[in-house]
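Heads up: the structure comes next, in C-alpha cells.
The values are calculated or read from the model by the stated rules, or taken from the named source; none is laboratory data. Here the structure is a predicted model, which means the values were calculated and not measured. Cβ atoms come from the backbone with ideal geometry, glycine included; neighbour counts cover every protein chain shown.
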Amino acid sequence: MMTGTRNATETGLPVAERSLEVLLDNVPDLIFFKDLDSRFTRVNAAFAQHVGLTDPRDALGKSDVDYFPPADAQAYLAEEHIVLTTGDALIGKPESRVCPDGETRWVLTNKVPIRDGDGRITGLVGISREITKRKAAEDALR
C-alpha cells in the first residue's frame, strides 16, 4: 500500500511540473522568475517573445541588462533589489518598454519575493501585463 502512495506522489510531481509549464506558456502575461542576483531562472513564452527570443530557455542566467536599454534595466534591477532585501512586493507599477522591434509598449508589473520553507527570500517572480491599448485609450480621453 505504501508503494502505491509513493508512486502516486512521484508520478504527481512531473505532472505538476508539466501543468505549471503549460500554464506559464499559455498565458499572455509576461512571467519571469529570478534568483537573488536578479538573473532569470525561468521565463514563459510570452516574456521570451517580448524580448525577441524564440526559446524561453535562452534567457536563463541572463538579466535585464541583456534585453532592455541601460537606464530601464538599471531601474528594474534597483526595484528588484528592494523586493529581495526588504521582502516587500512591488504591485501595479506601470512601465514603458522599448522592445526589440522598436515599438514602445506599456506593461503593469508586479514583483513578489519567493521564500523557502524557513521564510528566507530565494528569488522573485514577476508578472507584467501588457496595457499598451488601455494606456493609449486613457491618453486619448485626456
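Here are a few things to note about the model shown:
- Of everything in the range 106-142 that is of a type in the set (A, V, I, L, M, F, W, C) and loosely packed, with under 15 Cβ neighbours inside 10 Å, the residue that is nearest to residue 38 (Cα to Cα) is 136.
- The single condition among (1) in contact (Cβ under 8 Å) with a residue 60 or more places away in the chain; (2) under 26 Å from residue 120 (Cβ atoms) that residue 107 does not meet is (2).
- Subset of the range 39-57 that is in contact with a helix residue (DSSP H, G or I) (Cβ under 8 Å, 6 or more places away or on another chain), crowded, with 21+ Cβ neighbours inside 10 Å and not hydrophobic (A, V, I, L, M, F, W, C) - its residue that is nearest to residue 89 (Cα to Cα): 44
- Summed over the range 37-66, the residues that are of a type in the set (Gly, Ala, Ser), more than 17 Å from residue 104 (Cα to Cα) and assigned to a loop (DSSP other than H, G, I, E, B) give a count of 3.
- Residue in the range 77-84 that is in a strand (DSSP E or B) and either of a type in the set (A, V, I, L, M) or at pLDDT 95 or above (or both) present: no
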